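Just so it is clear, none of the values below were taken in a lab; they were calculated from the coordinates. The shown structure was predicted, so the numbers you read here are calculated from the model rather than taken from an experiment. Here the Cβ is made from the backbone with ideal geometry for all residues, glycine too, and neighbour counts use every protein chain on show.
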Amino acid sequence: MSDEGGVAAVDRALTILDALTDEKTSLAELSKRTGLYKSTVLRLAKSLEKFGYMIRSEDGNYRLGSKVLLLGSLYQRHFKTSEVVPPVLRKLVDELQEGASFYIADGDRRVVLHRMDATRAVRDSVHEGDRFPLTSGASGHVLRAFSGTRGERFDLIRETMYAASYGERDPETAAISCPVFGHSDRLVGALSISGPRYRIEALGEDKIVPILFKHAQSLTRTFGGNISSPSFTGWLKPAKRKKAGAGEATAAAARRVAPASRTNDG
């Protein structure tokens with residue numbers, strides 16, 4: 001048995017599968033990556049080959065078998081965001097006491113796929129199914145940045161892994177958003193916290209962003225993403241933002257994003 005209550009042989013076999021990240025991997029390299037003896041790798045590899053999880057080529061190298069692809073397709077077929085995203089949104093709301101949303105891109109619009117309202121009497125108005133322009137709002141900037149849109153603003157979002165919007169679509173609301181990824185660093189959507197501008201400013205990015213990151217990373221793991229990817233260093237070491245007083249923060253926010261129509265920042 002393993003230290004965490006699993007079966008040691010299964011742990012080792014799965015460790016071998018995790019190590020098969022290249023098109024071809026030698027026995028020596030598998031032994032090095034897993035920390036297992038070559039004899040152990042050989043023994044477990046035979047079982048994995050038997051069930052189609054590994055293939056050994058004529059030159060003695062290993063690669064993943066077709067059974068892994070079958071499992072992946074089954075996972076995608078049965079996986080539903082409605083089962084995993086709302087519980088995360090509820091945790092965000094419980095921790096920050098503001099509304100939480102999950103957005104996806106749809107052409108030139110961003111769609112509220114999932115929404116969880118705060119229980120407070122004064123809150124922003126966002127509903128599942130709402131469609132907003134992709135060119136405005138924190139979640140819109142995140143979706144564009146991680147879909148390859150160029151520019152200094154989007155470079156900064158990719159570096160820091162989040163976007164903040166203060167009064168951009170509604171002078172009285174604000175939002176902070178960060179990306180959620182799936183397999184192969186594919187963008188899945190944007191996780192956002194939003195509410196009255198004065199409360200978001202009072203909480204501050206220093207408090208909101210780490211909590212948002214924590215839950216975005218959790219969803220990324222669930223979607224099959226790798227939060228340790230070199231592309232996501234902003235998650236590991238969030239950029240330090242200069243702290244300012246309330247008046248300075250409001251002025252800085254106004255400089256970052258100019259107010260527009262009275263809707264929602266998102």
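Across the options Phe51, Leu20, Leu69, the greatest Cα extent toward the positive end of the charge dipole of region 8-77 (unit charges at beta carbon of Lys, Arg, Asp, Glu) belongs to Phe51. How long is the gain from Glu152 to Arg120 if the chain were fully straight, where each residue apart is worth 0.36 nm and the alpha carbon distance is subtracted? That works out to 7.9 nm of additional length.
Take peptides 36-48, 183-195 and line them up by average Cβ neighbours within 10 Å, highest first, as a rough protection proxy.
Numbers: 36-48: 15.9, 183-195: 22.6.
Descending mean neighbour count gives 183-195, 36-48.
I need the semi-axes of the equivalent ellipsoid of region 79-256: take the C-alpha gyration tensor, multiply each eigenvalue by 5, square-root it, list largest first in whole angstrom.
On the way: eigenvalues 98, 72, 51 Å².
Semi-axis lengths for region 79-256 are 22, 19, 16 Å.
Close amide H partners of Arg109, meaning residues 5 or more places away or on another chain with modelled amide H under 5 Å apart, are Leu134. As a proxy for reagent exposure, ranking Asp124, Asp22 by other Cβ atoms within 10 Å from fewest up yields Asp22, Asp124. Working note: Karplus 6.51/-1.76/1.60 with θ = phi - 60° gives region 19-31 the couplings 7, 7, 9, 10, 4, 9, 9, 7, 4, 4, 5, 5, 4 Hz, where Gly and Pro are set to x.
What is region 8-77's relative contact order, in percent, from Cα pairs under 8 angstrom and six or more apart in sequence?
Numbers: 67 pairs, mean separation 21.1, N = 70.
This gives 30 percent for region 8-77.
In region 42-131, inverting the average of 1/r over every pair of distinct C-alpha atoms gives 16.8 Å as the Kirkwood radius.
Only four residue types carry charge here, +1 at the Cβ of Lys and Arg and -1 at the Cβ of Asp and Glu. Report the dipole size of region 8-77 about the Cα centre in Debye, rounded to the nearest 20. The partial results should precede the final answer.
On the way: 12 positive and 8 negative charges, 44 e Å.
Charge dipole, region 8-77, about its Cα centre: 220 debye, nearest 20.
Scattering from the C-alpha atoms of region 89-192 alone, worked out with Debye: what is log10 I(q)/I(0) at q = 0.09, 0.12, 0.19, 0.22 1/Å? The computed values of log10 I(q)/I(0) come out as -0.20, -0.37, -0.93, -1.22. The slack in the chain from Asp18 to Ser39, taken as 0.36 nm per residue of separation less the alpha-carbon distance, amounts to 5.8 nm.
Got the relative contact order for region 1-132 handy, in percent, Cα pairs under 8 Å and 6 or more residues apart? Numbers along the way, then the final one.
Values: 150 pairs, mean separation 18.3, N = 132.
Over region 1-132, the number comes to 14 percent.
Once the C-beta distance of Asn61 and Glu83 is scaled by a Förster radius of 41 Å, the resulting FRET efficiency is 0.60 to the nearest 0.05. Cβ-to-Cβ counts within 10 Å put Arg12, Arg153 in ascending order as Arg153, Arg12, the fewest first.
What are the semi-axes of the equivalent ellipsoid for region 1-66, taken as the square roots of 5 times the Cα gyration tensor eigenvalues, largest first, in whole Å? Don't jump to the answer; show the numbers that get you there.
On the way: eigenvalues 77, 32, 20 Å².
Ellipsoid semi-axes (Å, largest first): 20, 13, 10.
A simple spin-label model places pseudo-atoms 7 Å from Cα toward Cβ; at Phe51 and Glu159 they are separated by 4.7 nm.
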